[in-house]
Amino acid sequence: MSNLSLVITAIAGLSAAIAGCALPAKTRVQAAVAFTWGACIAALVGALAVLHTGHAMVLNSSRILPLTGVTMVLDPLGAVFVVITAVVAIASTLYWLGYASHGLSTRTASAALPIFVTSMLLVPAAGSVATFLWLWELMALSSLLLVLVDQRRREETRSAAQWYAVMTHAGASAILFALVMLSAHAGNQTFAAIRIHAVHLPAAVRNTAFLLALVGFGSKAGAVPLHVWLPKAHPEAPSPASALMSGAMVNLGIYGIVLVGDRLLGGGPAWWWLTVTAVGVVSALFGALHAATSTDLKRLLAYSTADNMGLVLIGIGASGLFATTGHPAIAAIAMVSALLLTVNHAAFKGSLFLSAGSVQVATGSRDLDRLGGLMRRMPITGVVFLVGGLAIAALPPLNGFVGEWLLFQSLLHGLPTSSTAVAIAVPVGVAALALTGGLTAAAFVKAIGVGFLGRPRSEGAATAHEVPRTMQLGAALLAGACVVLGVVPMIVLPALERAAAEVVPGAPAHSLRASVELRLAGLQGVLAPALLAAGLALAFVAVIAMRRLAQRRSHLRVALRRVEPWGCGRELQTARMQYTATSFAEPLQQVFDDVLRPDRDLDVSHLAESRYYTEKIAYRTSIGDVIEHNVYRPMIGAVNVWGQWARGLQNGSVHRYLAYGLVVLVVVLAVIV
């Protein structure tokens with residue numbers, strides 16, 4: 001197949017970066033967006049051609065990277081992630097046109113964003129270790145620059161960038177060790193050669209490489225306990241960058257796990273996939289619980305990213321388990337569900353982050369306790385956020401429902417089984433899927449009900465107005481994808497089946513039968529999304545008609561008094577009479593108090609005249625990240641102590657430095673001899 005689309009993607013992305021860096025302020029953003037769209041469209045056309053034909057796209061060149069050259073191979077698995085990235089990038093850069101005046105029009109930002117998009121488009125097409133690592137590091141550095149855009153005005157931004165830089169480069173080091181280990185044993189750095197030689201690798205090498213890849217790519221996917229950068233970097237990054245990071249970049253962490261575990265190593269023992277499933281369960285529960293108790297809107301969305309990536313990891317782990325126990329058909333369905341969850345996550349999380357950015361621009365706040373009443377003042381943004389919230393809560397007829405239904409069906413058909421590993425993993429996965437569904441619903445009922453309904457709780461919320469049209473269109477584009485994928489998921493399922501068939505050995509050509517109904521081949525499971533959507537629409541219309549009929553009859557008898565639905569019949573309603581995000585989450589916080597470990601502070605102020613009379617009582621509660629405080633903070637403290645001690649080694653004395661050199665030389669000679 002022609003590799004022209006890969007070449008055009010790279011050239012257009014480079015042109016976008018040059019335009020963003022070199023052109024004057026009036027035109028740089030528009031030019032960068034235009035060239036970035038060219039890169040996205042070229043990549044999208046090439047990826048769709050690969051998914052349609054099933055034939056990989058290959059590009060080899062020895063003139064770009066010294067010594068190693070560039071090897072690009074875009075297969076159906078990588079093409080799925082290219083399509084995801086291209087769609088999210090088109091919507092996010094459209095949003096960027098209206099958002100640029102809010103700190104994203106500098107030369108650095110205008111060059112970094114196209115580089116970030118282009119590198120993400122090319123990472124799934126990398127066909128060698130050197131090419132993959134070069135593109136991966138380019139993606140990491142450009143995203144770090146985008147996180148740092150606002151660092152001059154906010155100390156929190158610098159701190160978030162430090163956390164992100166450390167975690168992303170620690171993960172990159174693990175990926176480097178894993179891929180170099182595999183290429184060294186294969187004697188070649190191309191992925192094709194590694195795949196051929198993988199069957200001859202010693203078990204210790206295979207296990208080590210997989211665990212390193214799981215750590216490295218898991219950190220990029222936001223898997224717990226490697227997630228600590230997510231709730232820090234996402235809230236501080238500009239909203240288009242947040243949408244790209246959560247809607248596209250974290251998906252590449254999932255791609256890397258599948259690439260190494262399934263494509264390069266050809267699968268592995270059951271304990272590999274039990275580990276992946278366990279990480280997915282912990283990530284889903286931990287992320288959903290923190291999302292349900294967060295009051296910062298973008299922090300809530302960041303934790304829900306860990307939640308959704310956890311569900312994807314459960315699907316990947318279940319697929320590996322079913323494949324090792326001789327059930328390729330169920331394994332293929334589990335892999336399709338994981339890929340569909342990834343596609344769906346990109347759509348609804350991208351729309352949610354862009355909508356959250358619109359709220360922040362319009363009100364100057366991300367704190368749900370200070371928002372309210374935005375549905376009237378920002379109706380389009382409110383509807384887009386509502387669609388994304390219903391989709392992420394897996395309510396029909398939106399796209400989140402179909403993905404989780406497929407995952408549930410794959411887990412359900414894995415029982416009964418004679419495998420102890422499957423018998424343990426499947427019930428745990430089903431329980432995690434059910435519990436995270438409830439917690440996610442609670443989180444977005446809170447976000448929508450407190451943030452967009454009711455009365456405004458601050459001056460910014462009271463005076464909010466709709467954002468520019470391009471920002472509305474960018475978010476609405478992804479919200480529309482949520483509706484389309486929910487009603488007619490058949491438009492993407494054949495492509496996902498083709499990608500899953502390449503990953504799962506022995507998988508049937510058609511594990512799903514998709515027409516009007518979605519059927520599992522050889523299994524009992526049927527879903528008709530379009531008919532379900534039509535039934536819900538008819539029920540909605542019937543309820544509206546009955547309500548209007550009842551109103552007409554009531555008007556004939558007595559005059560009705562209209563009040564707000566959340567006012568409990570009161571005509572006088574103030575913001576202090578309604579739930580805040582903190583009070584809404586309080587019951588959940590009490591139930592999971594041992595897990596969340598909230599910090600509470602009670603401050604009692606007495607009157608100056610007498611300490612027996614109270615003037616004011618202030619109660620504050622905050623929920624930090626337990627893993628950050630109990631794992632990472634002690635590690636940082638130990639490094640600081642070691643650094644303070646190491647400072648004593650340098651006192652400016654040349655004699656001491658020469659003595660150090662002598663000691664090192666003696667040790668080296670002793671080891672060599």
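Looking at the stretch 4-15, is at least one residue in a helix (DSSP H, G or I), among the polar types (S, T, N, Q), at pLDDT below 95 and buried (at least 21 other Cβ atoms within 10 Å of the Cβ)?
Scanning the stretch 4-15, I find at least one residue that is in a helix (DSSP H, G or I), among the polar types (S, T, N, Q), at pLDDT below 95 and buried (at least 21 other Cβ atoms within 10 Å of the Cβ), so the answer is yes.
Has the stretch 112-129 got at least one residue that is surrounded by fewer than 22 Cβ atoms within 10 Å (Cβ to Cβ) and of a type in the set (A, V, I, L, M, F, W, C)?
No: zero hits.
Can you report the number of residues in the stretch 489-511 which are touching a residue at least 24 places away in the same chain (Cβ under 8 Å), outside any helix (DSSP H, G or I) and either surrounded by fewer than 17 Cβ atoms within 10 Å (Cβ to Cβ) or within 23 Å of the chain's Cα centre (by Cα) (or both)?
4
Of the residues in the stretch 294-311, how many are surrounded by fewer than 24 Cβ atoms within 10 Å (Cβ to Cβ) and touching a Phe, Trp or Tyr at 6+ places or on another chain (Cβ under 8 Å)?
1
Only one of these conditions is not met by Leu148: (1) over 17 Å from the mean Cα position of the chain (by Cα); (2) modelled with pLDDT of 90 or more; (3) of a type outside the set (Asp, Glu); (4) farther than 18 Å from Val260 by Cβ. Which number is it?
(2)
State which residue is nearest to the chain's Cα centre (by Cα) when the search covers only the stretch 45-86 and only residues that are over 14 Å from Ala499 (Cβ atoms) and of a type in the set (Ser, Thr, Tyr).
Selected residue: Thr85.
Tally time: how many residues in the stretch 408-459 are closer than 17 Å to Phe385 by Cβ, modelled with pLDDT of 85 or more and surrounded by 17 or more Cβ atoms within 10 Å (Cβ to Cβ)?
14
So, in the stretch 60-93, how many residues would count as being farther than 30 Å from Gln30 by Cβ and of a type in the set (A, V, I, L, M)?
Result for the stretch 60-93: 6.
Does the stretch 281-296 contain any residue that is part of a helix (DSSP H, G or I) and charged (D, E, K, R)?
No: the stretch 281-296 contains no residue that is part of a helix (DSSP H, G or I) and charged (D, E, K, R).
Each row is one residue, and each column tells you yes or no for (1) at pLDDT below 75; (2) assigned to a strand (DSSP E or B); (3) in contact with an Asp or Glu (Cβ under 7 Å, 6 or more places away or on another chain).
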residue: Arg548; (1), (2), (3): no, no, no
residue: Arg552; (1), (2), (3): yes, no, no
residue: Arg562; (1), (2), (3): yes, no, no
residue: Leu572; (1), (2), (3): yes, no, no
residue: Thr582; (1), (2), (3): no, no, yes
residue: Asp601; (1), (2), (3): yes, yes, no
residue: Tyr612; (1), (2), (3): yes, no, no
residue: Arg620; (1), (2), (3): yes, yes, yes
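The values are calculated or read from the model by the stated rules, or taken from the named source; none is laboratory data. From a predicted model like this one, the values you see are computed outputs, not experimental measurements. Cβ sites come from the backbone with ideal geometry, for glycine too, and all protein chains shown count toward neighbours.
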